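The values are calculated or read from the model by the stated rules, or taken from the named source; none is laboratory data. Predicted model only: the values in this text are computed from it and were never measured. Because the Cβ atoms are built from the backbone with ideal geometry, glycine has one as well, and the counts that use them run over all protein chains shown. Each accessible area value is taken on the protein alone, full model and side chains, heavy atoms only, with ligands, DNA and RNA left out. Shrake-Rupley method; radii C 1.70, N 1.55, O 1.52, S 1.80 Å.
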Amino acid sequence: MEGGASSGGRFKLYDRLELQEFQDKFVIKAVESPDQGFSIDRRDGHPRPLTGDNGSESPSKVSTIYGVVGTIRLLAGTYVLVITSRKDVGAFLGFPVFRVMSMKFLCCNEALRFSTYQEKRDEAYFRTLLKTVESTPGLYFSCLTDMTLNLQRRCKLAEGWMNKPIWKQADPRFVWNRNLLEDLIESKLDGFIIPLLQGSFQAMQLQIKSSLATITLISRRCTRRLGTRMWRRGANLEGDTANFIETEQLLELEGFRSSLLQIRGSIPLLWEQIVDLSYKPQLRIINHEQTSNVVERHFHDLLQRYGETVAVDLTDKHGDEGQLSAAFAAEMHRLQDVRYVSFDFHHYCGNSNFDSLNVLYDQISEDFEKQGYFLIDAAGHIVEEQKGVIRVNCIDCLDRTNVTQNFLAQKSLNVQLQRIGVLTPTECISMFAEEYRKFRTLWAEQGDEISLEYAGTHALKGDLVRYGKQTFAGLIKDGMSALSRYYLNNFHDGVRQDAVDLISGHYTVNRNNPSPFQLNGFESLSYLPLASAALLIGGFTLTSFTLQQAGRNAQQFANTVLCAGVTAGFMAVVKANGRQFCSRPRLCGLL
């Protein structure tokens, strides 16, 4: 098959590559087919398929890599991102899945020596952003199949679709490196083009009575409005929302395969939350003449892709959240085709009452059961189709959202197991203690991984997913995670957002743009270590004190930890700089 290897009539990527480094070029060859490969000129950065004559010079270094993620052009040349290590994490519909463990940029920047002083400074900052990209969490790929398409969509594609190159099969919404693949696509290097999925992949086997079931949980993070927690909120004018994720729960059992899709995403209004050193920055709704059109565009896209949509809003009904929720409700009441359900999660569930989600389920059960799930039998025949989707949001679409989606997934899993015949109509997964624990762990770990990508910490309220209740240890962990989120929001996520914008193509480097350093005079981060130390020392000291007095109110202690650490960090930073602190001093003025 042109550009790739054949695997039973299915397109297969080369999964182990040899990287040869020469003075004037990089050569990348498929280990299994050494005649297949390409070179990248270190002067112009262009990839070219290998020809018969590649010279007799010996490379200065030879190493093994596991894929080429793509290329990006900066001021002084091209950089090539390669996968240097990976981990086998299971299978998706029978095909091996790998998690990217480490990546590295190869430099093709010979022009740097001819650059001006300012261009060299700019290039150095951009390279710092590339270092951030190298440690991007939660990237997955398969060399034998596309992971971006859910089971129902795969089964309804035209015959022969899966024989196309994997990058052509993929849903571009969920290809993290889509912007980096252009040079490889243009050079027709199909066998080397790996679509990376960012999100979460978890797989586990459950023994239910005499049947062995495989549960796979895969979350696909959309790239259209990609970013970090405080720096990407709400929607853009096209209706794309921050932290939009499609989560699919797959069940494989006795030849049957079933799937439940759920989606999450930021409230699709134009709103923001400017980082200003306060623990909870004020939400600001942007009044815009296009607001109603933005909401309509967002839900029209969902209706086209997923069918009937029920929007479940878990935000508080007071304070800033209440104002945002009210604005969302007002817009939703104008839509005829989408049902909007408001459920104040904190009011009903607090920190420990997982069972109160039954109040929400009573409101949406008819729609949820009508939407159903996707099911195919052992012969590959479609038995059931999912006819709609539940869209869940809170403010971050992380913690409350994950608890709620886990609750709905459990409800659907019971119905699927009963339909296949493994459980009777009166039985449910919670009756099997060990398997139920595994199932909850699967969802908790998924929540942690998604939270790490958006907020930089593990998910809060993870105990509600793991155990169905809040534990004291979990409360302390949530307090420390909240403290970490504050630190990251103010002192780290701005740079991480710059890196995301650079790698995703939202910001394009060219010599005609003004220097990032000319847009903001803030240069020194000299007090950042002091602020960091104050936050951490304050947090850990108060946590230790709290643990010694565990008989008191746990919530009060966790809040004390947070407030003391935040106050110490705030004082250190205020001392460093009398004006508002911005952790994105460079690219923020360009976007």
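The figures follow:
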| item | result |
| --- | --- |
| Which listed residue is touching a residue at least 24 places away in the same chain (Cβ under 8 Å), surrounded by 18 or more Cβ atoms within 10 Å (Cβ to Cβ), within 28 Å of Cys155 (Cα to Cα) and not small (Gly, Ala, Ser), from Leu324, Leu270, Leu357, Leu302 | Leu302 |
| Conditions (1) in contact with a strand residue (DSSP E or B) (Cβ under 8 Å, 6 or more places away or on another chain); (2) at pLDDT below 95; (3) surrounded by fewer than 20 Cβ atoms within 10 Å (Cβ to Cβ): number failed by Phe256 | (2) |
| Test result for Arg225, in a strand (DSSP E or B) and either touching a Gly at 6+ places or on another chain (Cβ under 7 Å) or more than 26 Å from Thr441 (Cα to Cα) (or both) | no |
| Matching residues in the stretch 244-266 - criterion: being assigned to a loop (DSSP other than H, G, I, E, B) and out of contact with any Gly (no Cβ under 6 Å at 6 or more places or on another chain) | Glu254, Gly255, Gly265 |
| First in the stretch 127-156 and on the phi > 0 side of the Ramachandran plot and of a type in the set (Gly, Ala, Ser), second anywhere and open to solvent by 10 Å² or more (accessible area, probe 1.4 Å) and part of a helix (DSSP H, G or I), Cβ under 8 Å, 6 or more apart | Gly138/Glu449; Gly138/Leu452 |
| Per-region count, the stretch 387-419, residues open to solvent by 10 Å² or more (accessible area, probe 1.4 Å), over 16 Å from Ser365 (Cβ atoms) and within 24 Å of the chain's Cα centre (by Cα) | 4 |
| Glu289 vs. criteria open to solvent by 10 Å² or more (accessible area, probe 1.4 Å), of a type in the set (D, E, K, R), modelled with pLDDT under 95 and farther than 30 Å from Leu212 by Cβ | yes |
| Failed condition for Leu93, given (1) under 30 Å from Leu250 (Cβ atoms); (2) at pLDDT 95 or above | (2) |
| Subset of the stretch 420-437 [buried (at least 17 other Cβ atoms within 10 Å of the Cβ) and either of a type outside the set (Phe, Trp, Tyr) or more than 32 Å from the chain's Cα centre (by Cα) (or both)] | Ile420, Val422, Leu423, Cys428, Ile429, Glu435 |
| Verdict on Arg232 being touching a strand residue (DSSP E or B) at 6+ places or on another chain (Cβ under 8 Å) and either modelled with pLDDT under 95 or not hydroxyl-bearing (Ser, Thr, Tyr) (or both) | no |
| Cβ-Cβ under 7 Å pairs, at least 6 apart or on other chains, the stretch 20-31 side without any contact (Cβ under 8 Å) to a residue 12 or more places away in the chain, far side of a type in the set (Phe, Trp, Tyr) and crowded, with 20+ Cβ neighbours inside 10 Å | none |
| First in the stretch 381-392 and under 20 Å from Phe407 (Cβ atoms) and in contact (Cβ under 8 Å) with a residue 12 or more places away in the chain, second anywhere and open to solvent by less than 10 Å² (accessible area, probe 1.4 Å) and among the basic types (Lys, Arg), Cβ under 6 Å, 6 or more apart | Val392/Arg264 |
